[in-house]
Structure formats: C-alpha cells, structure tokens
1. For the range 295-337, what are the residues that are in a loop (DSSP other than H, G, I, E, B) and surrounded by 24 or more Cβ atoms within 10 Å (Cβ to Cβ)?
2. Which residue is farthest from the chain's Cα centre (by Cα), if the candidates are limited to the range 17-48 and must be closer than 16 Å to Gln113 by Cβ, of a type outside the set (Val, Ile, Thr) and surrounded by fewer than 21 Cβ atoms within 10 Å (Cβ to Cβ)?
3. Considering every residue within the range 299-321, establish whether at least one is closer than 24 Å to Gly236 by Cα and hydrophobic (A, V, I, L, M, F, W, C).
4. Can you find a residue that is in a helix (DSSP H, G or I) and aromatic (Phe, Trp, Tyr) anywhere in the range 65-76?
5. Restricting to the range 200-234, name every residue that is assigned to a loop (DSSP other than H, G, I, E, B), surrounded by fewer than 19 Cβ atoms within 10 Å (Cβ to Cβ) and not acidic (Asp, Glu).
6. Under 6 Å by Cβ, and 6 or more places apart or on different chains, what pairs join a residue from the range 278-303 that is not assigned by TED's automatic domain parsing to the domain that holds Val151 with one that is among the basic types (Lys, Arg)?
7. Assuming Leu70 fulfils every condition listed in (1) under 21 Å from the mean Cα position of the chain (by Cα); (2) aliphatic (A, V, I, L, M); (3) modelled with pLDDT under 95 apart from one, which condition is it?
8. Which residue, of Leu404, Leu383, Leu333, Leu371, is closer than 25 Å to Leu428 by Cβ and under 18 Å from the mean Cα position of the chain (by Cα)?
Amino acid sequence: MEYISIFDMLKIGVGPSSSHTLGPWRAAEQWIAELKANQQFHNITNIKVDLYGSLSLTGKGHATDYAVLLGLSGADPEYVPTNDIEQTIVDIKDSKILNLNSEREIDFDPKQQIIFNRSFLPFHANGLTFSGEIEGNTVTSTFYSVGGGFVIKEKTVENGEEDKSISCICPYPIQTGKELLSHCNTLNKSISEVVLANEVSMRSSEEVDFEIKRVWDTMLECMYTGCHTEGNLPGGLNVRRRAFDTHQKLKGELNYNSPQEWLEVIRKTEVKFRQIFKWVSCFALSVNEVNASLGRVVTAPTNGSSGVIPSVLMYYMVIENHNANFEHIKQFLLVAGEIGSIFKKGATISAAMGGCQAEIGVSSAMAAGALTELLGGTPEQVLIAAEIAMEHHLGLTCDPIGGLVQVPCIERNSMGAIKAINAAELALDTNPEHAKVPFDEVVDTMWETAKDMNSKYKETSEGGLAVRVNVADC
C-alpha cells in the first residue's frame, strides 16, 4: 500500500456513505478501466453486479445501487451535478438502458442485474462483484470497499483483517503515533509541518494549497447548503432537517449572499456562551443532512462522519480566532488527515468492520488533535487529544435505522464534534508526562474492540436501534 495522503483521508464525493456509495462508485470506475485495459470494454454484454455483506444488508438505504449505476455510467462523484442524480437513476430504471461510461448503450435492468446477496465474502464485510459476458464467456472482478472511499482489488486481507503493512515513499514514514512524534522531536517541527513535508514530496506546494482550498470550499458550501435547506430528508423515515431551524434562530437578521460572506458575518457576530455548542451542532447537523440527501460532502474520514471536522474547524474560526486564515485551515486539515491515516493503517475506518467507533470515533480524534495544534498544543498534546476523543467512543456501534445514514448517524456527528472540542481542552491542560494511555494503545484497542464486536452492530441494521425502533413509526 502506498503512503496515505491527507487527500486520501479527505476525499470529495457524494453522500450518503463513503463505504457504501463512494467506494462502489469508484469500484465501478475501476472495473471499466480494467475492461478497457484488457480490450474487453466494447464487447461486454449482460453485465451483472452482486453486492455482498453490509453492502447488501444496508445497500438500499445507503444508495449503493445508485452508486453502481452512476459509476458504470461514467459520472464523477467529485463533479457530477447532484441535482441531476435522481433523474439519471429514473431514466436508467425506466428505459432499462445503461450508457456504459457514457460511451455505449447496453441493456440493463437494475432490478434484475443488481443483486443484493445477504451472504458475506470472506475477506471484508463490503464486497461486490462485477460480471459480464464476452462471446459466450463470463468475466468477473471482485472489489472490496474498505471504508472512507478506499477500494481494494487483490487479496490484501487474511482471516477477515485488513493488511496493516505499508510502504512509504515520503521522507518521513509514519505508521504510528510514536513514529510521528519521533519525527517532530528530531526535526523540532509541529505535526502539521512534518505532514506538509511529506505531502510536498509528492506534489508541489501550490498543488497542496489548491487541493486543501478545494476541500475546505466544499466543506463550507456543504455547511451553508445544509443551514439554508428546510424540509424532510429522503428515504422514508420522514426525518425533519434541523439545521435550518437552528440556524434561523441563531443568525437572526444577518445578511449575506454567499458561503464566504456567511462565514465572515458569523465571525463578526457576538456569540453568547450558551450558543457556542448550538452553533457547533448546527454546523455538524447541516453537513450530515446534506450527506443524507445525496449531496456533495468531504469524507472525513467517511461520509457518515463528515460533519465533525468542518464543524470543529468552524468553531475555531467563529469562536476561538476571528482572524483565522487559510494557513490555519491548512494546518488543521494536515493534522486531521494524518491522525486519520494512522487509524486507517493501525485499525479501520469502516463501520462495517468496526462499528461507528471507526467513523465518528476516528473523526472526533482527528478534529480533537487538529484543534489542539491550532490552540497552541505540543505534538504530544495533539496525540493526547486524539486519544481522549477516541477513548470515549470505544465500542460505539453502527445501527442505522432503516439502513439510512440518518438516525442516529446525524446526531452522532454533533456529539463527536462536542467531544473533540472537550478533548482538546483536556489535552491542553495535560502534562504529557502524566498521560496514562498512549495514542497508539487506543488505536490498537479500537481494533481489538472492532474484532470482538458482534457483527450485527457493524452497519447491518440487524441490531441495536435498527431493530428496536419501528421504521413505520418514524
């Protein structure tokens, strides 16, 4: 596996799920590329897609079938007009024609040719197989969506566990928190400075800045959209959007015409103490309401947990530092991305493998560490903050009602953001010499907890709230 860039951890894509939507979408793209490389693209017919495990059990609620169709159609999740998605799907279902990679039309009936198998493939809970016929012969290719939009093709797991080995082409290889701190101490640099050095070893500093700005602009636009959209979320649960109502109460008579103006106006507004966490919750809810409605978000590290990092970064800009600029945003996202990558390497960021601790827990740890550095914390305190945030998410199950990324998922982003801020404050008051639980120990513990967790609490909607709450009553 190559070095995990912060841009691997912070991807732009379409909701509602990075593992169930973005991953299968990218898998479809990879399969098309495979067919072309093998000179099979123009001859393949009778395409079929088999979904396995969690992709099957909660695939409908997570729009996995939509993602497969869009990926096979050649749409790009980073740029596809999200308002066109529903009509595109309707057209395919009605016509039973798929414009494969926008190059050739083939017969395709989604009801018959996307198959939801309840069985699990041996190597990962999120598996999907593409197959088709070429001159009477069947060709197949199996992919695994391992969380955060990451997709693997070959056998990189044994006994149901992800391969933790990683080769790194960057100047400062980082597999663990201990290695990260070693680089910081040897170079006398902050975590963000070490991470930046790795990033610019692979791309120019201008490219790094451009991509970070693109990530932040997507986050800001997502929060803005969520705060200005009312009504109920799609999917059948009739969940009312709450960010709009909360935002209306908080903003009062503020005037603005764009996400950027909105941010600046809020920053100039006096925020009462009891309103601080309301603003943070509003920002988090807004992102995940957009995510739940197939909007464009940034996986951070997943779509289901995409509200934590932008809401904590907004907290810093709106509450802690009204003069914060792009360099602060850059610093925050560099630290957050690296903390997330350590969890990816040492544990998992897939709820289908580890429950919600792998999503909200990791995102809260990422945000806590990033905020700590911006507030003046040492590298040691940054990792203490990340450890505290994860410590208090250990064992968190993934039990989405109706298989939708709505209840309890949306509220959990709000709670994860608040915990991140609290963890940062605790870490800043902690002498690293007195810390009892090393960061790497909590990463290992999360992975052990994930392996011990009953499978029904891993994004299957077969346990917890998903079976105790009647969907018809929602």
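The values are calculated or read from the model by the stated rules, or taken from the named source; none is laboratory data. Keep in mind the model is a prediction, meaning the values are calculated, not measured. Cβ: placed from backbone, ideal geometry, glycine included. Neighbour counts: every protein chain shown.
1. Within the range 295-337, Ala300, Pro301, Thr302, Asn303, Gly304, Ser305, Ser306, Gly307 meet the criteria.
2. Going through the qualifying residues, I end up with Asn46.
3. no
4. Yes, there is a match, as at least one residue in the range 65-76 is in a helix (DSSP H, G or I) and aromatic (Phe, Trp, Tyr).
5. Ser201, Met202, Arg203, Ser204, His228, Thr229, Gly231, Pro234
6. Every condition considered, the pairs that remain are Leu285/Arg242; Glu289/Arg241; Thr299/Lys11.
7. Here Leu70 clears every test but (3).
8. Answer to the check: Leu333.
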